[in-house]
Amino acid sequence: MKRFFTCNILAAAAASRANTTFAFQLRHSSRQHTLNYPLSRLASYVAADAAGAGDKQGENYDYDFLVIGGGSGGVRASRIASGYGAKVALLESRLTHGMKPQYSAIGGTCVNVGCVPKKLMVFASRYPSEIKEMEGYGWKGATPGQFDWKVFLSNKNQEISRLNNVYQNFVLKNAGVEVIEATGSLVGPHSVAVHTTATGETSVVTAKHILIAVGGWPYKPNIAGIEHAITSNEIFYLEEQPKRIVVVGGGFIALEFASIMDGLGSDVTLMYRGDLFLRGFDIDMRNHLKEEMMNNSGIDVKFNTDPKEIVKNDDGSLVVIDHSGNKVECDAVLYATGRKGKIDGLNLDTVGVHTKDSFIPVNEYSQTNVPSIYAVGDITNRMALTPVALMEGHRLADTLFGGKDRPVDHEYVASTVFTTPEIGTVGYTEEEAVAKFGDIDVYKNRFRAMKHSFPKSETYSLFKLIVETKTQRVVGCHVATDGAGEMVQGVAIAIKMGATKEDFDNTIGIHPTSAEELVTMRSPSYYYRSGERKDSL
Ligand SMILES: Cc1cc2nc3c(=O)[nH]c(=O)nc-3n(C[C@H](O)[C@H](O)[C@H](O)COP(=O)(O)OP(=O)(O)OC[C@H]3O[C@@H](n4cnc5c(N)ncnc54)[C@H](O)[C@@H]3O)c2cc1C
Ligand SMILES: NC(=O)c1ccc[n+]([C@@H]2O[C@H](COP(=O)([O-])OP(=O)(O)OC[C@H]3O[C@@H](n4cnc5c(N)ncnc54)[C@H](O)[C@@H]3O)[C@@H](O)[C@H]2O)c1
């Protein structure tokens, strides 16, 4: 007798009681797979699932740890778990990067369509401004030449392919992780349907612990003509460099790509719906970046501007019409308006995993409401940064397989917006510090770095330290300058360790650098006492 069931553990259990053989019908995304599954095996994992995650049951699972998603969090968790001797399999939909439908591949968003190709574009985009200053240093007639988008893209693609190979065949293979090119979806608290990418076949495997590390996906608001807009996924594969580009958004991705495309020679219009971009960052850094962008880049920054419609012309060019009826002609529109969790097709409902919007809430051990199922990285909507996903994955593996008690730690996480100039930041903003501590001392200096002052460029840096008055602990450091990311990484160690302003003062600077400013700001620029700003005491 052959019967069909949707992928539902209760239906499977009923089938096993009726002692039938059956084909198991699974739906994932738009595809539908049929799986002929041996009943004895199915019955065993149904029984295991029904019994919960008992240690004794665990001995019968196919794996100790099954990871869905081969990005920052999944790769780190799986290789650390394997290092502790766990039997680990990792499912990633694709092992080599490329366009639709996934864009991402082994290594995740960061490696394929995020941090890495983005940073390569940042490097490429900064050469022209370096060359502009060369004349002041005595180099006559230097020009950046012509940027060849196709050459860059081809080199970038080779580099990402190299990294895909490194992840699959060195990082994970050497760690003993079984990598499967497949898309995973949940069947039960201990069972996952594995939809093999190459063949379309589906099988079901069981694991004592399951980790969901599927990352996120760009979100575009539903305005007329939105289908003509691209996202950060597509920009890494555009065949031609858009001569004119409108970037919509005011977060990390919008600002970084506005800077990149400007540096590469495109005409850039940045549209942000609010008064000032980079909400959540220190107010001085936000204002400083605005001034630097307006004074030292070609970016046309439009605040309080929200597109209402995108119209495609017959020649393929686009027009962005905002709510006031203003029009901007361009060749591409990049939407960078946030990211959603990639939960589609995971069958979370089937197993009862709670979601909030498109994300999966977890506790401090990255555990979902279903005890055997964990989630790390962007899908948990804690802090969407690669090193954070790495930390969450690592700590989970330490806890589950290393015999350690390692909850996540999101305090004093440093980050950098790779605009020109970069904004490096760790700890509390001025606003947050006032709200939390009431009494703070603020040290601030805006200056022209030696490198820019000599060729007489009007390019400024801004350094800011925030100190809790009572303890004199440095609780925030915000830097807008060349190489801010490299600089703030070191400061983050000191701040995480609880360094005081005196510790900073006792540290001897490196001369001549811009970074020495961090240890030479002697007197506070202003203070807050009981939440009220005071210019002197
Ligand atoms: C343009 C851009 C630039 C960025 N720049 C930076 C930066 O400079 N610094 C920084 O710290 N962060 C940056 N980020 C953020 C960073 O990329 C993410 O925080 C990080 O990649 C999250 O890791 P993750 O493990 O949660 O998920 P991801 O890295 O997104 O990995 C998830 C993987 O799971 C796979 N997958 C999804 N569903 C399934 C399924 N059902 N079965 C099997 N596999 C599946 C996907 O194909 C993907 O490869 C950037 C992001 C973007 C978009
Ligand atoms: N350098 C880095 O570390 C880096 C770089 C890129 C991305 N990231 C991570 O990826 C995450 C996602 O980046 P992102 O820039 O897409 O998101 P984001 O949340 O940083 O910014 C989204 C922006 O879009 C705006 N927005 C949202 N909905 C809108 C709408 N309907 N219309 C117009 N504007 C709208 C928001 O006001 C905000 O300015 C970041 O939060 C960050 O954690 C990090």
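For the reader, a short list of remarks on this structure follows.
- Pairwise label distance in nanometres, residue 327 with residue 470, each label 7 Å out on the Cα-Cβ vector: 6.0 nm
- The alpha-carbon of residue 312 sits under 20 angstrom from the alpha-carbons of these aspartates and glutamates, leaving out residues fewer than 8 places away in its chain: 227, 234, 239, 240, 267, 322, 329, 331.
- Here each label is just a point 7 Å from Cα along the line to Cβ, and for residue 132 and residue 435 those points are 3.6 nm apart.
- Size of charge dipole - the chain - debye, nearest 20, with Cβ of Lys, Arg +1 and Asp, Glu -1, no other charges: 1100 debye
- With K and R counted +1 and D and E -1, the other residues having a Cβ less than 12 Å from that of residue 272 yield a net charge of +1.
- Estimated at 0.36 nm per residue, the fully extended path between residue 457 and residue 309 surpasses their Cα-Cα distance by 49.4 nm.
- Length gained when the stretch residue 150-residue 276 is fully extended (0.36 nm per residue, less Cα-Cα span): 41.9 nm
- In the chain, the calculated helix contribution to ellipticity at 222 nm averages -9000 deg cm²/dmol per residue, counting -39,500 (n - 2.57) for every DSSP H run with n ≥ 4.
- Relative pair counts by distance (%), Cα atoms of the chain, 20 Å bins: 20, 47, 28, 5, 0
- Just the protein heavy atoms count here, and of the accessible area of the stretch 378-522 at 1.4 Å, carbon and sulfur take up 53 percent.
- Per DSSP, loop trypsin sites (Lys or Arg not before Pro) in the stretch 408-477 with at most 12 further Cβ within 10 Å: 456, 470
- Options 321, 139, 295, ranked by Cα towards positive dipole end of the chain, top entry (Cβ charges): 321
- In a simple Cβ point-charge model (Lys, Arg +1; Asp, Glu -1; nothing else charged), the stretch 221-274 has a dipole of about 220 debye relative to its Cα centre.
- Using C-alpha pairs under 8 Å with a sequence gap of at least 6, the mean separation divided by the residue count of the stretch 397-537 gives a relative contact order of 26 percent.
- Sites residue 365 and residue 140 - FRET efficiency at Förster radius 60 Å, r taken between beta-carbons, to 0.05: 0.45
- Å² per residue, accessible surface of the chain at 1.4 Å: 46 Å²
- Take every Cα pair under 8 Å whose residues are at least 6 apart in sequence, average their separation, divide by the length of the chain, and the relative contact order is 14 percent.
- Once the Cα atoms are used to define both axes, helix 484-496 deviates from the longest principal axis of the chain by about 70 degrees.
- Which listed pairs, of 140/451; 150/451; 302/327; 119/444; 132/156, have C-alpha distances above 20 Å, in listed order: 150/451; 119/444; 132/156
- Annotation: peptides 147-153, 98-104, ranked by per-residue average of other Cβ atoms within 10 Å with the highest first, follow the order 98-104, 147-153.
- Take the Cβ atoms of residue 529 and residue 291, set R0 to 25 Å, and the FRET efficiency comes out at 0.30.
- Between residue 175 and residue 522, full extension at 0.36 nm per residue minus the direct alpha carbon distance yields a gain of 120.0 nm.
- At R0 = 35 Å, FRET efficiency that the Cβ-Cβ distance of residue 239 and residue 340 yields, to 0.05: 0.85
- Residue-count net charge about residue 396 - beta-carbon cut-off 10 Å; Lys, Arg +1, Asp, Glu -1: +1
- Rounded to the nearest 20, the Cβ-based charge dipole of the stretch 310-423 about its Cα centre (Lys and Arg +1, Asp and Glu -1) stands at 320 debye.
- Cα long-axis angle, helix 386-401 against the chain (0 to 90 degrees, to the nearest 10): 40 degrees
- Using the average count of surrounding beta-carbon atoms within 10 Å as a protection proxy, the listed peptides 299-307, 281-289 rank, highest first, as 281-289, 299-307.
- Relative packing of 367-379, 510-522, 262-274, which averages over residues the other C-beta atoms within 10 Å, highest first: 367-379, 262-274, 510-522
- Summing charges over neighbours of residue 296, with a neighbour being any other residue whose Cβ is under 15 Å away from its Cβ, gives -2 when K and R count +1 and D and E count -1.
The values are calculated or read from the model by the stated rules, or taken from the named source; none is laboratory data. Fair warning: this is a prediction, and the values are worked out from it, not measured in the lab. All Cβ positions, glycine included, derive from the backbone under ideal geometry; neighbour counts span all protein chains shown. Surface areas here come from the heavy atoms of the whole protein model, side chains and all, with no ligands, DNA or RNA. Shrake-Rupley method; radii C 1.70, N 1.55, O 1.52, S 1.80 Å.
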